[in-house]
1. How much length would be gained if the chain were fully extended between Ala120 and Leu155, taking 0.36 nm per residue of separation minus their Cα-Cα distance, in nm to one decimal?
2. Counting helices only, and only those DSSP H runs with n ≥ 4, report the 222 nm mean residue ellipticity of the chain as the sum of -39,500 (n - 2.57) divided by its residues, in deg cm²/dmol to the nearest 500.
3. Within the chain, what percent of beta bridges assigned by DSSP are antiparallel, to the nearest 5?
4. If we count every other residue with Cβ under 11 angstrom of Leu43's Cβ, Lys/Arg +1 and Asp/Glu -1, where does the sum land?
5. Pick the calculated Rg and Dmax of the Cα atoms in Å for this structure from [x] 19.5, 64; [y] 17.3, 55; [z] 19.0, 60?
6. State to the nearest 20 debye the size of the charge dipole of the chain about its Cα centre, where the only charges are +1 on K and R beta carbons and -1 on D and E beta carbons.
7. Give me Asp158, Asp14 sorted ascending by neighbouring Cβ count inside 10 Å, so fewest comes first.
8. Let me know the shape class of region 7-124, please: from the alpha-carbon gyration tensor, a ≥ b ≥ c as square roots of the eigenvalues, rounded when a/c is under 1.5, otherwise prolate if a/b is greater than b/c, or oblate.
Amino acid sequence: MSAKWKGRILLVEDDESLIFALRDRLESEGYEVVEARDGDSALESAGTRSFDLIILDVELPKKNGFDVCREIRQRGIRTPILILTARSHVTDRVKGLRLGADDYLVKPFATLELVARIEALQRRAPTYTGGVLETFSFGAIEVDFRSGKITRHSLALDLSNMELKLLRYLAENRGSVLTREELLEKVWGHATTLATRTVDVHIATLRQKLEENPSRPELIVTVHGAGYKFVA
């Protein structure tokens, strides 16, 4: 049986052997791992997808980890950041924390300690930690998540609060395959005991309201054996 889904981690590292080791361990713990191997790619990923945690190496091509950390915070992204580095001097640790990092781990380290620190950061973090999507438009549909106003061909749509939360999470992670377990965790809450069928029912109602042809959806598509993907 696969491990329970625990969240999505952005792993920013350019050491091939360390990437392999960390990905293997984190995936075995139930995390989805997205890789970025230089500073520019890290900023692009952090700005376009939501993550539960960012593991950020300091020594990176194109842009170092300190600069990446600073820019992430300047963009208003509050995702917890765990810095990895071979620099053990206290001034380097202080610099990373002052730039907005939440924790600091010096190489070499035990993966067991890394997992423990990730879990500790997740316990302190809010349910949603990525950038906040306030408005969004796709096709004839326009959404203002601040007011809850949704229109299609300029006509108002009536969405429940949970449908709106689900649409927001789909839009914030557009292009990514989202499992039913992840959607339950992130939209309904970590403590939910609901069945994954709940997700299917809400997806169906969203399709009825948003799709031109709900029986042949083009916005919220099913990825068989995996989950759903928002492709607007």
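Values in this text are rule-based calculations from the coordinates and carry no lab data. Just so it is clear, the model here is predicted, and its values are computed rather than measured. Cβ placement follows ideal geometry from the backbone for every residue including glycine, while neighbour counts extend to all protein chains displayed.
1. On the way: separation 35, 0.36 × 35 = 12.60 nm, distance 4.57 nm.
Taking 0.36 nm per residue and subtracting the Cα distance, the gain is 8.0 nm.
2. Values: 8 runs with 87 residues, N = 232.
Only helices count here, giving -11500 deg cm²/dmol.
3. Numbers: 16 of 34 bridges.
Looking only at bridges with both residues in the chain, the antiparallel portion is about 45 percent.
4. On the way: positive: Lys62, Lys63, Arg70, Arg75; negative: Asp38, Asp40, Glu44, Asp67, Glu71.
Spelling it out: positives minus negatives among the neighbours equals -1.
5. After the calculation, the listed value that fits is [z].
6. Roughly 620 debye for the chain.
7. Numbers: Asp158 8, Asp14 17.
Fewest to most other Cβ atoms nearby, the residues stand as Asp158, Asp14.
8. Numbers: a/c = 1.25, a/b = 1.12, b/c = 1.12.
In terms of gyration-tensor shape, rounded.
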